[in-house]
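Chemist: The structure is given below, and queries will be raised subsequently.
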Amino acid sequence: NNNNNNEMTVRVNGDSSVVVVEDQKSLPFWKVLWRFTRPHTIIGSAMAIPALHLFAAPTFQAAFQPAVLRSIVFAMFPSLLMNLYITGLNQITDVDIDKVNKPQLPMASGDLSPTAANWIVSISLLVSLAWGMSHPVLGTQGLNVALWGSMLLGTLYSLPPFRLKRFPFLAAFCIVSVRGAVINAGFFAHAQAAAFGGSIATTTVWNCLCSDPRCLLSSLFFAVFGLVIALMKDVPDYTGDALFNIRSFTVRAGPKTIFHSMRRLLTTAFLAVGAIFARSAFQALSSNNNNPTLLMASRILVSASSIAAGISVHKRSNNVDPENSTQTYSYYMHLWKLFYLSYFVLPFVR
């Protein structure tokens, strides 16, 4: 520590750097709570649930029924609470690391006490799991797989003695699983059962993954995106992770290697999806669909959005120094905007 109480000096491999934490006036609790949720993650969850309901609809017309809205609202509340539990638990267990990597977070900055944080995550967890099982029809197997699966993997990721974030392959597995199969297949199955009248036997998560190619492929795409997010988020956190012996892929391979490999992976994924849907758009007019023009327009939208996103991933990276934490964090947040875009376009994947 320096004589200045607002500065913290850290030393990694012989190099020292100073992290400055600015004094802040006491903030309203709701503002502190909003920061505690890690808004970019909770927005992603809030977009995923309605998008997956519309995506699971057998037709565009079926997507706009009262049962769909009821199913979305019922799933949204416990899911956002579970998101709060996972991100909150991570901040509780990482508070010392966050003082180096993310000093603006509410616990690291002192705006939220450990006692308050523990109460928030405990209540969020209990209410989320109880809500998921509270209704005989809307409390579907898909919803509970999403909630319990996220809880289990999120807990193993952050909480000692497991703390899987220390092991890069297991840490990536947790994030990829949640952002891939757990969320996408879980809420797809929930929508089929709660909104579109599917039977219990045909709307299990496993059955949806095995019997519905759209569910499987969307889960695979978001698993890839989840992998990129999982590894890219560690690039700006390199200094703190190295200091506290968190042997992430970035600490092991270096920020440049991870940054460029993940950039190439996501660019390739977006451009591949764009090319596939560009080709299928022209096949739509000769299909047996009741409205081939609408089908073609949907596929063109998906293709154009994917190609634009792929170009954006590549172009935005040109001016980023992988060893500059400010620049890499800004780029990481740009990827979250493309994550939102992907869910916005998902209902048009036909």
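The values are calculated or read from the model by the stated rules, or taken from the named source; none is laboratory data. This is a predicted model, so every value here is computed, not measured. Glycine gets a Cβ as well: all are built from the backbone with ideal geometry, and neighbour counts include every protein chain shown. Note: accessible area is taken over every heavy atom of the protein model, side chains too, but ligands, DNA and RNA are not part of it. Shrake-Rupley method; radii C 1.70, N 1.55, O 1.52, S 1.80 Å.
Chemist: On the basis of being in a helix (DSSP H, G or I) and either under 19 Å from Ser261 (Cβ atoms) or hydroxyl-bearing (Ser, Thr, Tyr) (or both), does Ala185 make the cut?
Modeler: Taking the combined requirement at face value, the residue does not satisfy it.
Chemist: Which of the residues belonging to segment 86-134 are in contact with a strand residue (DSSP E or B) (Cβ under 6 Å, 6 or more places away or on another chain) and of a type in the set (A, V, I, L, M)?
Modeler: Val100
Chemist: Next up: Tally the residues that are open to solvent by 40 Å² or more (accessible area, probe 1.4 Å) and part of a helix (DSSP H, G or I), restricting the search to segment 233-260.
Modeler: Residues flagged as open to solvent by 40 Å² or more (accessible area, probe 1.4 Å) and part of a helix (DSSP H, G or I) within segment 233-260 amount to 9.
Chemist: Let me ask something additional. For segment 290-306, enumerate the residues that are free of Cβ contacts under 8 Å to residues at least 24 places away in the same chain and either touching a helix residue (DSSP H, G or I) at 6+ places or on another chain (Cβ under 9 Å) or in a helix (DSSP H, G or I) (or both).
Modeler: Once the filter is applied, which keeps residues that are free of Cβ contacts under 8 Å to residues at least 24 places away in the same chain and either touching a helix residue (DSSP H, G or I) at 6+ places or on another chain (Cβ under 9 Å) or in a helix (DSSP H, G or I) (or both), segment 290-306 yields Pro292, Thr293, Met296, Ala297, Ile300.
Chemist: Residues in segment 188-196: is at least one buried (at least 24 other Cβ atoms within 10 Å of the Cβ), under 18 Å from the mean Cα position of the chain (by Cα) and within 18 Å of Ser124 (Cα to Cα)?
Modeler: no
Chemist: Do we find that Arg316 is assigned to a helix (DSSP H, G or I) and open to solvent by 70 Å² or more (accessible area, probe 1.4 Å) in this structure?
Modeler: yes
Chemist: Identify all residues within segment 319-350 that are open to solvent by 60 Å² or more (accessible area, probe 1.4 Å) and basic (Lys, Arg); write none if there are none.
Modeler: Lys337, the sole residue that qualifies.
Chemist: Let me ask something else about it. Out of the residues in segment 266-307 that are open to solvent by less than 60 Å² (accessible area, probe 1.4 Å), hydrophobic (A, V, I, L, M, F, W, C) and within 22 Å of the chain's Cα centre (by Cα), state the one that is nearest to Leu227 (Cα to Cα).
Modeler: My answer is Leu266.
Chemist: Right, here's the next one. For segment 319-332, enumerate the residues that are assigned to a helix (DSSP H, G or I) and either free of Cβ contacts under 8 Å to residues at least 12 places away in the same chain or under 17 Å from Arg264 (Cα atoms) (or both).
Modeler: Gln327, Thr328, Ser330, Tyr331, Tyr332, listed by residue number.
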